[in-house]
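S.K.: Below is the structure I would like to discuss, written out as structure tokens.
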Amino acid sequence: TAAYTNVPNTFNVLDNTVTDNTGGVSGDANFDITNFSAAPGTDGKYIYQSAYFLASADGAGSMLNIALNTYITAAPGTPFKTITVNNVPTKKNVRTNVLMDFAATSSTYTYTLDFADFDAPDINRKTVSTWDGTYPAVNTGATYSGGDGSQATPYIIGSATDFAQFAKNTTSKNYRDTYFKLDVDINLNDKPWTPTGNFAGVFDGQHHKITGLKVSIADYRVGLFSQIDARSGPNASVSNLHVSGDVENTKPSEYDCAGGICGDNATGVIANCSFSGSVRGVGIAGGIAGECNGKIISCKSTASVFGKYAGGIAGRNSSGKCSIYGCYNEGVIETEGGNAGGIYGKDDGYDFDIKGCYNIGTVQGRQGGEVLGAITSSSASGSSVMASCYVREKYAIAHATEETVFGSSDWPTSTNNTVWYADPSNDGTYTAGSDGVPTGNYKFWKSLGSWNGGTPEYPKLWWEE
């Protein structure tokens, strides 16, 4: 049951004022448009913008039916024209744009409502916060822009300064079982970024963007985050975050790693994230994570990736199991004298689990003789599993039944409870096994696209516009 508070029921389009708050509203709400006028023979166009709190009892947002009533001077008490807009999505702190066209000499009146702000889930559209390149001193007692770090009331990262403080604090505190939410888009402004320390908490980006990432240092783990460490905090994760920029690990060692989101995903979870730009390293490099013995779910990369062990999503794992579900890569993956894969570069004698992924990026070597695979350069042997993956083309390491080349008759099929189940209402959830790896009820994909007569429209993840 949805309950709404402080909902305005009168919009004055002449001065954009809001009056007559209803207090609490359940079910349908009526919105009266007053003082709407246009000169004879012309169209009057107004955009009403509001920012008010709407949320269901569980905070998840709901659907509201809105009735718009207009009046004319001759009959002020009788609705002249009424239009009802059904199933308007409501989230917290959002802006609703309403565009109305009124033709004074016409007998037909058209009302067009543009709810463009709801294209992506639960986004708080705020001005981008730009970083000036300054790191504050460590302050492990920082409260950021609100919250207390609990699951019910996460710390709010409300500015680039907050994020820099968070990064600095992780150099002395791993934030085990501490919760954060990003509340603003951030531009790191191409200023030199030092990756966070080991992070053992829960970071929800709420589908905000972090742009202008610039990392070029010599270290064991390099990325926006250095390490997501579920060994120190069992719930360690980064989700719903979209990053762009350039990451380079300049340390001359094939055992060090670089990744767009994090250098090392140490048994943690990275979900519903994306990275664009470039990732480079002498050793291990991945579009989302360099080293990975955790889980990467519903992520995409369009980055160019270069390393001895290079992967579109993850570069390598040297312990435990790397699980990658419902991900895809569009970027160029390149190695020199090593291994490269469109999704996963190379296992180091440890298991991997790759399901429901696709690669349409190019995989290549610089010298010739490198080991290349469209999905991975490793064989799915022992306890490793690769299933239901699609590729634009196959390479030397080809998996006969585990990967399929996209074609007119070779395309993912949406079937309930499979990794390729697609529906516009999907939300990225899944049923997890005892080890946290997805086991069923997969809701990764928004749409599967089509071959489209040889001009393919490829599948889109649930969070993509």
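S.K.: Starting from residues that are touching a Phe, Trp or Tyr at 6+ places or on another chain (Cβ under 7 Å) and polar (S, T, N, Q), keep the ones in segment 188-226 and report whichever is surrounded by the most Cβ atoms within 10 Å (Cβ to Cβ).
M.R.: Among residues in segment 188-226 that are touching a Phe, Trp or Tyr at 6+ places or on another chain (Cβ under 7 Å) and polar (S, T, N, Q), the one surrounded by the most Cβ atoms within 10 Å (Cβ to Cβ) is T196.
S.K.: Moving to a separate point now. Looking only at segment 453-465, decide whether some residue is surrounded by 15 or more Cβ atoms within 10 Å (Cβ to Cβ) and farther than 24 Å from T404 by Cα.
M.R.: Yes: segment 453-465 contains one or more residues that are surrounded by 15 or more Cβ atoms within 10 Å (Cβ to Cβ) and farther than 24 Å from T404 by Cα.
S.K.: Taking G307, is it farther than 21 Å from V419 by Cβ and under 20 Å from the mean Cα position of the chain (by Cα)?
M.R.: So G307 fails the test.
S.K.: Filter segment 344-361 down to residues that are part of a loop (DSSP other than H, G, I, E, B) and either under 20 Å from A258 (Cβ atoms) or aromatic (F, W, Y) (or both) and give me whichever is modelled with the lowest pLDDT.
M.R.: The extreme case among them is D348.
S.K.: Then there is this: Is there any pair linking a residue in segment 267-285 that is at positive phi to one that is modelled with pLDDT of 95 or more and acidic (D, E), with Cβ under 6 Å and at least six apart or on different chains, and which?
M.R.: Qualifying pairs under 6 Å: G277/D246.
S.K.: Out of S425, S450, S414, which single residue is under 17 Å from the mean Cα position of the chain (by Cα), at pLDDT 95 or above and assigned by the TED database to the domain that holds N359?
M.R.: Of the residues listed, the single one that is under 17 Å from the mean Cα position of the chain (by Cα), at pLDDT 95 or above and assigned by the TED database to the domain that holds N359 is S425.
S.K.: Given the residues D177, D185, D122, which is the only one that is modelled with pLDDT under 95 and under 20 Å from A271 (Cβ atoms)?
M.R.: D122
S.K.: Of the residues Y175, Y179, which single one is surrounded by fewer than 24 Cβ atoms within 10 Å (Cβ to Cβ), hydroxyl-bearing (S, T, Y) and closer than 30 Å to D435 by Cα?
M.R.: Y179
The values are calculated or read from the model by the stated rules, or taken from the named source; none is laboratory data. Everything quoted here is computed from the prediction, not taken from an experiment. Counting neighbours? That spans all protein chains shown, and the Cβs are built from the backbone with ideal geometry, glycine included.
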